[in-house]
Amino acid sequence: MPTKLELQALLLTPTESLSVEYKSWLDLSENRGRATLAKAAIAIANEGGGIIVLGMSEDVADGSALRSNPRPPDLKRYSQDEINSSIKRYAEPEFHCELAFAVHPVAGHEHAFVIVPGGMTVPVLSKRACDGIIAAQRCYMRKPGPRTEEPFTAEEWRRVLQKCLHAGRESMLDAIRMIVQGHAEAAPNEAAANVLADYCDKARDRWQQLVDPLPPDVTARMPDGRYEIGFELVGVRSAGTVSELRRRMEEAGRTRLTGWEPFISLTRQDLAPQPIDGNIEAWLGRPEHREFFAIQRTVTFGGHTHPVCCIYCVGTMRTQGSVSGPEQYSI
């Protein structure tokens with residue numbers, strides 16, 4: 001779903017494209033309004049998805065520029081059901097659209113946005129006609145201009161069918177993955193989805209805690225600039241213990257692409273990775289402390305402890321412009 005700022009950008013700089021179409025306010029209680037919306041949605045669905053912006057019209061006096069218009073007083077605010085029933089009346093196969101609203105930052109008018117999905121595995125056709133608007137059993141697509149028309153040439157049909165074939169291939173691969181893995185991957189809940197972001201915040205605070213007591217001009221503060229990398233390895237077997245995590249780090253260190261191995265594990269006491277609160281942490285380059293990384297192996301949310309592999313690292317930017325620090329890690 002687009003953000004509020006993304007929707008407002010479509011209002012501030014209205015430009016039609018193959019995936020964005022602007023329409024004036026439509027009366028969805030009448031067939032002509034329903035057919036107009038459905039035709040636009042069918043074309044955008046065949047294009048691969050996009051957005052229909054409602055409440056904008058061309059200003060002839062201003063070179064046909066699109067302008068914001070207030071919703072007519074006798075036109076009620078659109079509902080999700082109203083939008084989808086209008087489209088389903090004409091589209092085959094049926095598909096579900098999302099409805100969003102945003103206020104024009106300058107004009108102050110609220111506009112409706114119909115978010116049309118892509119990923120159709122067959123071309124979407126019209127299943128009934130409305131005189132002067134849409135014909136029955138026709139395929140509609142977006143063409144340069146942009147405009148909505150039927151595909152006539154072989155190249156236009158190839159474009160429509162190629163998008164369907166690509167979407168079908170992805171669906172087939174997802175089905176194969178589910179068969180091979182024996183299950184479909186469940187969507188993470190909100191707490192699980194925030195694990196990496198929360199961990200990076202804590203790791204950054206930990207690094208800041210280490211450098212705060214140091215003099216202001218030391219290299220450890222990375223005065224020439226620094227980079228941060230945070231990522232989570234999904235689907236890996238839990239390390240179980242800190243010692244097992246250390247063993248995997250050493251094994252991964254045997255793979256080198258450039259220079260030192262990734263997440264170098266030095267043996268000198270003041271440089272070696274250390275177990276901190278059940279996880280592993282390393283502050284490299286003492287006494288200059290140029291790099292820092294931390295690896296987390298468990299996280300608690302929903303009252304339970306879950307195995308994860310979250311990795312965070314921060315490194316200094318060398319004066320020559322090259323980047324120093326971890327490059328690759330695999331466990």
Residues within segment 137-164 that are free of Cβ contacts under 8 Å to residues at least 12 places away in the same chain, surrounded by fewer than 14 Cβ atoms within 10 Å (Cβ to Cβ) and either over 30 Å from Leu66 (Cα atoms) or within 26 Å of the chain's Cα centre (by Cα) (or both), tallied: 5
Those residues of segment 63-89 which are polar (S, T, N, Q) and either closer than 30 Å to Ala136 by Cβ or assigned to a loop (DSSP other than H, G, I, E, B) (or both), in sequence order: Ser64, Asn69, Ser79, Gln80, Asn84, Ser85, Ser86
Residues of segment 90-107 satisfying the condition of being more than 24 Å from Gly48 (Cβ to Cβ) and either acidic (Asp, Glu) or outside any strand (DSSP E or B) (or both): His104, Pro105, Val106, Ala107
Answer residue from segment 119-133, given it is crowded, with 16+ Cβ neighbours inside 10 Å and of a type outside the set (Ser, Thr, Tyr) and is nearest to His166 (Cα to Cα) among those: Met120
Residue under evaluation Ile115, criteria (1) touching an Asp or Glu at 6+ places or on another chain (Cβ under 7 Å); (2) over 26 Å from Ala136 (Cα atoms); (3) aliphatic (A, V, I, L, M), criterion not met: (2)
Within segment 108-160, strands (runs of 3 or more DSSP E) holding 1 or more residues that are hydrophobic (A, V, I, L, M, F, W, C) and modelled with pLDDT of 95 or more: 110-116, 141-143
Pair list, Cβ < 9 Å and 6+ apart or interchain, from segment 73-101 residues that are of a type in the set (Val, Ile, Thr) to residues that are part of a loop (DSSP other than H, G, I, E, B) and surrounded by fewer than 19 Cβ atoms within 10 Å (Cβ to Cβ): Ile87/Glu94; Ile87/His96
Matching option when the condition is within 27 Å of Ala129 (Cβ to Cβ), hydroxyl-bearing (Ser, Thr, Tyr), in the same structural domain as Arg128 (by TED's automatic domain parsing) and touching a strand residue (DSSP E or B) at 6+ places or on another chain (Cβ under 7 Å), among Ser57, Ser64: Ser57
Some residue of segment 100-115 being of a type in the set (Asp, Glu) and touching a Phe, Trp or Tyr at 6+ places or on another chain (Cβ under 6 Å): yes
Residue check, Arg32 over 16 Å from Met120 (Cα atoms), in contact (Cβ under 8 Å) with a residue 24 or more places away in the chain, in a helix (DSSP H, G or I) and among the basic types (Lys, Arg): yes
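The values are calculated or read from the model by the stated rules, or taken from the named source; none is laboratory data. On a predicted model such as this, the values are computed, not experimentally measured, just so you know. So basically every Cβ, Gly included, is an ideal-geometry build from the backbone, and we count neighbours across all protein chains shown.
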